[in-house]
Amino acid sequence: MNWTGKDMDTYLQQKEYIDTLVVPLVKVETKMDNMKTSASSTEFVMHLASLIETQFKGRMMFAPPFSYTPATDHQQMAQSTLQEFSAATFKHVFFLTTDHIWTSMELPGQVIWMPSIPLENMDASLRQSILEDQLRQVLPKFTEQWAK
Amino acid sequence: MSSKVSRRQFLSYTLMGVGGFMVSATVMPMVRFAVDPVLQPKGEGELVPTQQKADELTETPVRVDFTIKDRKDGWYKSDVSNTAWVYKEGDTVIALSPVCKHLGCTVNWEGDEKHKNEFFCPCHNGRYEKNGKNIPGSPPLGPLDEYVVEVVDGYVHLGKTVPNTLV
């Protein structure tokens, strides 16, 4: 499910089945030199998110991506903004990111860190197969939590 | 014997010619406008070629990916990648949609070790028989949809989804 009105209607009717929230965390670089990597990894995260979404549409709700700049106080963001997700009605919360700083943070859910892969120069079929490989790697992390 | 065109005739021909031209200039766009829906190519319902050869299919469903090029959603054009589970039943090729009828997850053939010879939905353990029939007791309430299939030059072509006809 995506964070859209229509999907939200479905969620509100099927709450007992859709018990997982995925929040993409993306870093928006402001320095010219880092912008390209930032854009590229955002692209990767969003592509991966949409692939996971099609795969697990009926169990996951995808929040809009949370973005931050390098000057952001991660500790504070983790403790205030993101902490609020612990009160959400979702049983499982995941944070999907390519920024490894989150792996050391206390977040109200599981952090799924993926190394960013630049997708911009790949043709569609290669991109698809690479994303599917990545998907296969994250799958166990979800199923593990669900099995608990 | 008057092969000469009189002034009166010349004027009336000219007027008719110019008048006819002007009338057609206004009527033609209207006619074109009226018949336009008929002339539009049909975007949906068209068959999309896949990489799958029909004679390589067996009775075990295989995953076939295909892309619908330039699908238009308003002004937004995009390529949509789609998946189908394709297998052969006798001589007929059957393509099932992988979209779970419960809440729309993607189902996999033999996705769970405990349930061989079945489609399995990882979200809520939905199960389907090979022909797409939902197994009672699991969350899905209906059978998997089918794709319109055609074999053209040995390759499987897939169209839009239709309600399951096998169950």
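Since every read-out is calculated from the coordinates, none of them should be taken as a lab result. Computed from a predicted structure; not experimentally measured. Positions of Cβ are generated from backbone atoms using ideal geometry, with glycine treated the same way; all protein chains shown enter the neighbour counts.
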- prompt: PRE reach from B:Thr58 (point 7 Å along Cα→Cβ): which of region B:87-113 fall under 13 Å by backbone N?
  reply: B:87-88
- request: Determine which lysines satisfy two conditions relative to B:Lys69: a Cα distance under 17 Å, and not lying fewer than 8 residues away in the same chain.
  value: B:Lys42, B:Lys77, B:Lys160
Burial ranking of peptide ranges B:109-116, A:98-105 (average Cβ count within 10 Å, highest at the top): A:98-105, B:109-116
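What shape does region B:48-162 have by the C-alpha gyration tensor, where a ≥ b ≥ c are the square roots of the eigenvalues, rounded means a/c under 1.5, and otherwise prolate means a/b greater than b/c and oblate the rest? Each step should come with its number before you reach the end.
On the way: a/c = 2.23, a/b = 1.24, b/c = 1.79.
Oblate, because a/c is 1.5 or more while a/b does not exceed b/c.
Could you tell me the number of lysine pairs in region A:5-141 with C-alpha atoms less than 19 Å from each other, where the two lysines are 8 or more residues apart or belong to different chains?
Working: A:Lys6/A:Lys15; A:Lys6/A:Lys57; A:Lys15/A:Lys57; A:Lys15/A:Lys91; A:Lys27/A:Lys36; A:Lys57/A:Lys91; A:Lys57/A:Lys141; A:Lys91/A:Lys141.
So the count of such lysine pairs works out to 8.
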query: For chain B, what does -39500 (n - 2.57) per DSSP helix run (n ≥ 4), summed and divided by total residues, give at 222 nm, in deg cm²/dmol to the nearest 500?
result: -7000 deg cm²/dmol
- line: Place a point 7 Å from the Cα of B:Val162 in the direction of its beta carbon; the residues of region B:74-115 whose amide N falls under 16 Å from it are B:92-97
task: Would you work out which of A:Pro140, A:Gln128, A:Ile117 lies farthest towards the positive end of the dipole of region A:5-141? Charges go on Cβ: Lys and Arg +1, Asp and Glu -1.
output: A:Pro140
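For A:53-63, what's the mean count of beta carbons from other chains sitting within 10 Å of each residue's beta carbon?
Working: counts 2, 8, 7, 7, 8, 15, 8, 2, 0, 0, 0.
Going residue by residue through A:53-63 and averaging, the value is 5.
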Folded to 0 to 90 degrees: helix B:7-39 orientation relative to chain B principal axis, Cα: 10
message: Ignoring everything except DSSP H segments at least 4 long, calculate the 222 nm mean residue ellipticity for chain A; use -39,500 (n - 2.57) per segment, divide by total residues, nearest 500.
response: -14000 deg cm²/dmol
field: Selection from A:Ser41, A:Leu25, A:Met61, by position along the positive dipole direction of region A:24-85 (Cβ)
entry: A:Met61
query: Taking the Cβ-Cβ separation of A:Arg136 and A:Lys36 as r and a Förster radius of 35 Å, what is the calculated FRET efficiency to the nearest 0.05?
result: 0.80
task: May I ask you to derive the FRET efficiency for B:Val38 and B:Leu141 from their Cβ-Cβ distance with R0 = 45 Å, giving the value to the nearest 0.05?
output: 0.70
task: Work out the mean other chain Cβ neighbour count within 10 Å for the residues of A:10-18 and drop it here as an integer.
output: 2
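So, by mean Cβ neighbours within 10 angstrom, what's the order for B:91-102, B:10-21, A:33-44 with the highest one leading?
Working: B:91-102: 20.1, B:10-21: 10.2, A:33-44: 15.9.
Per-residue mean Cβ counts within 10 Å order the peptides as B:91-102, A:33-44, B:10-21.
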task: Please give the length that would be gained between A:Gln83 and A:Glu43 if that part of the chain were fully extended, namely 0.36 nm times their separation in residues minus their C-alpha to C-alpha distance (nm, one decimal).
output: 11.9 nm
